Structures are given as structure tokens and as C-alpha cells.
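The values are calculated or read from the model by the stated rules, or taken from the named source; none is laboratory data. The structure presented is a predicted model; accordingly, all values stated were derived computationally and were not measured. Because the Cβ atoms are built from the backbone with ideal geometry, glycine has one as well, and the counts that use them run over all protein chains shown. Heads up: the accessible areas ignore ligands, DNA and RNA and are worked out on the full protein's heavy atoms, side chains in. Shrake-Rupley method; radii C 1.70, N 1.55, O 1.52, S 1.80 Å.
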Amino acid sequence: MDMRRVIVGLFPLIGFVGGAGSVAADQLVLNSYGGPYEEIIRSRIIEPFEAETGIRVVYDAVGSSSQDYAKIKATGGKPGFDVVVMTATQALQGCKDGLLEELPSDVIKELAHLSSRLADAAGPCGAVHEVQYMSLLYRTDHIEGVPSSWSLLLDPALSRRVILPTFQNVMAVNLLQVMSVMNGGGLVDNLDPGFAAMTAIARQSIGFEQSSALLESYIKDGSVWAMPFWNGRAQLLVDSGAPVDYVRPSEGTIPLIATLSVPVGAENKEAAYRFINFFLRKSSQEAWVAGYRVGSARTDIDVPDELRDRQITEAELDQLHLPDLSVMAERMPEWSQRWDRDVVPAAR
């Protein structure tokens, strides 16, 4: 994930989050995504937010989600940004570490409209603004038929035609967990089978990339024929006319619960809460789902017909692999070391 600096000038904020009065924000810094995300968030969220509030938003990209949380931790909750886009795993860890604010539901009133199950999964410090899942993305001009298994990534015919995310991208962790379950292991315990499978995939991969924007460039130019990818970004590629498609393999997958959080040392918390509330609105969520092709934690929104069958609903969560995110957060450092020791060298 990329980091975005959203600088908000000195403008009056009228009627803050459903309340009366005004709030003055000197600056608001938002850590956000890169690639197609930037264009879409500008048109679907930022520009409407500017039009309503008079706030001028300036975008700047740096870093990744895991690096963002590392910065929050290293600075004791004063990283220099006010809103951060991360995953539920990091939101839970940040709450536990006392580095993220518990979001006030009496101020961010749109929190009440989120699925309680998804909201509970993210904890009190994370506002769920989108839901995706890890799909198997493939080139339709090189793969015959519709693949049904993650084992496609181990097919000798795809030697040097697979790319993997780095461990700093949670997609790598999710693939590790799925491969573990496929081979008799667990999601957070006994990951030995998963590491063995990932080492085998790495041997025939062309290497690793951290950002989704770089990962998708390989499958777009045809140098890669299959890889894990978030379904929303995969749908954007399908919509673009690229010779690709994506599936939820029969062995299952893991949802990505993306959150908005506020560091405890944020300088502009009221403005941060207002931005989060705006993002969670029904109209904003409908615009975001239609534009970024993702799912929502709101159950009252209208979803475009062409997306309904390709997204996950709350009712389908039981059909997915749902690791204990709190345990995940605790064990990530250990897994990262093992990934660097066992998986990364196999790709060389």
C-alpha cells in the first residue's frame, strides 16, 4: 500500500459530523493507497468532500501500510498523519498498543450503519471502509479454461510466469495461510505446510513486488500469467479490457477488511473524524464500490448488477477462511523473519 499526504488548508468546517458549529483544521494528513486508487479516490471521495467542506486536498504518495504502522509505533502515535488506511489486523494491534484512537461513535455517526460482524472484526480503532478478498488472477490467453485451484501457481507450465507479493503486503500472508490450510496446516498455528508450499511457488516465480500497482504491471504486459490479487483491483483490470479474469478458488480465500484509523497523536482529530464519517456515508460508499469495484461493510447500499456475483456478502463470510486477526498481529514479526529466511531465497 502507498501512503498519501492529504493536506487540508485553513477552511471552516460547517456542521461537523451532523453537529452544529464549526471546526477549523490547520492540516489533515491522510495515509492512503497508490495506483488506480489515487484517481478513483480523487473523483469519488476527495472532490465531493472538497465541494461540501471547502477543504483543499493535496495528494502525495509514499510507503506501505505495514510501514505506516511501523512509523506510528516508532513515533509513539505521532507519525505526522491524522488518518491512516490500513487493514483490520493493524487496527487491532494499534488499539492493543494504545497507539490508535478508539473512534467515537457519537461523532462518527455513520459507524452505526456498518455490519456489526465486520465492525467487530476491525475493533474500536478501525472504521471499515471497504471489503475485498484475495482472488486468483490469470491471463485468459495463456490459461486454458477457468482454473479452480490455488495449485495453479505450482503448475510447472507456469515456471517463471508467476509473481508474488512481498511479506509487507498482507496478500502474501493470506496466500501463506491458504496454502497452509490446503496442505493440512492451520491459519495461525502450524504454518509449516504453508511455508513449504510458498517456498515451492517462489522457486518458479520471477520474484516479489510490494505494491499492487507494480504487481499488476506484470500480468498486464503478459510476463506473468497468474498471481494472487485483490478482487477489486482484478475487476478494474477486467473492466479495462485486459485479457484477464479472476476466481475464488475451491479451497477458499481470505477477506481483506480495510480500515481508516486515527493515531493518538494526530493533530487534527476532529477533521479526521469528519473525513471518516464522510467516507462511510451511504452515498460515498456507493460511489466507492462502483468506482473501485470493492465490497462495503454497509448492507444498505445499492451495488451495480455486474458486481453483485463477484463480491462477498456478509452472509458468505462463513464460507471464507477467517483467521484470528489479533493472533495474526502478534505473530506477524515471527512469520516475516521465516518468510525472509525460507521463501525469499527460493526465488533467486
Kirkwood Rh, Cα atoms: Rg over Rh of segment 86-169: 1.18
Where Glu270, Glu334, Glu251 fall by accessible area, highest first, once all protein chains stay in place (1.4 Å): Glu334, Glu270, Glu251
Rounded to 5, percent antiparallel among DSSP beta bridges of the chain: 85
Kirkwood Rh in Å, taken over segment 62-132 so that all alpha-carbon pairs contribute: 12.6
Rounded percent of accessible protein surface that carbon and sulfur make up, segment 135-265, 1.4 Å probe: 49
Largest-first principal axis extents of the Cα set of the chain (Å): 64, 40, 35
Rule-of-thumb Rg ratio for segment 219-313 [Cα; 2.2 N^0.38 Å; N residues]: 1.32
Per residue, in Å², the accessible surface of the chain once ligands and nucleic acids are set aside, probe 1.4 Å: 39
Taking the chain and dividing mean pair separation by its residue count, relative contact order in percent (alpha carbons under 8 Å, at least six apart): 26
Whole-Å distance, taken between Cα centres, linking segment 317-348 and segment 144-204: 11
Charge dipole of segment 265-321 about the Cα centre (unit charges at C-beta), most positive-ward option of Ile276, Gly295, Ala266: Ala266
Estimated 222 nm signal from helices in the chain, with DSSP H stretches of n ≥ 4 weighted -39500 (n - 2.57), rounded to 500: -10000 deg cm²/dmol
At 1.306 mPa s and 10 °C, Stokes diffusion of segment 138-187 via Kirkwood alpha-carbon radius, µm² per second: 129
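What is the extension gain from Ser148 to Glu251, computed as 0.36 nm multiplied by their sequence separation minus the C-alpha to C-alpha distance, in nm to one decimal?
Values: separation 103, 0.36 × 103 = 37.08 nm, distance 0.84 nm.
Roughly 36.2 nm would be gained on extension.
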Inter-part distance where segment 229-266 and segment 291-305 are each reduced to a Cα centre, Å: 13
Radius ratio Rg over Rh of segment 78-225, counting only Cα atoms, Kirkwood formula for Rh: 1.05
Members of Lys220/Lys269; Lys78/Lys109; Lys78/Lys220; Lys96/Lys220; Lys96/Lys269 lying beyond 30 Å, as alpha-carbon distances in this model show: Lys220/Lys269; Lys78/Lys220; Lys96/Lys220
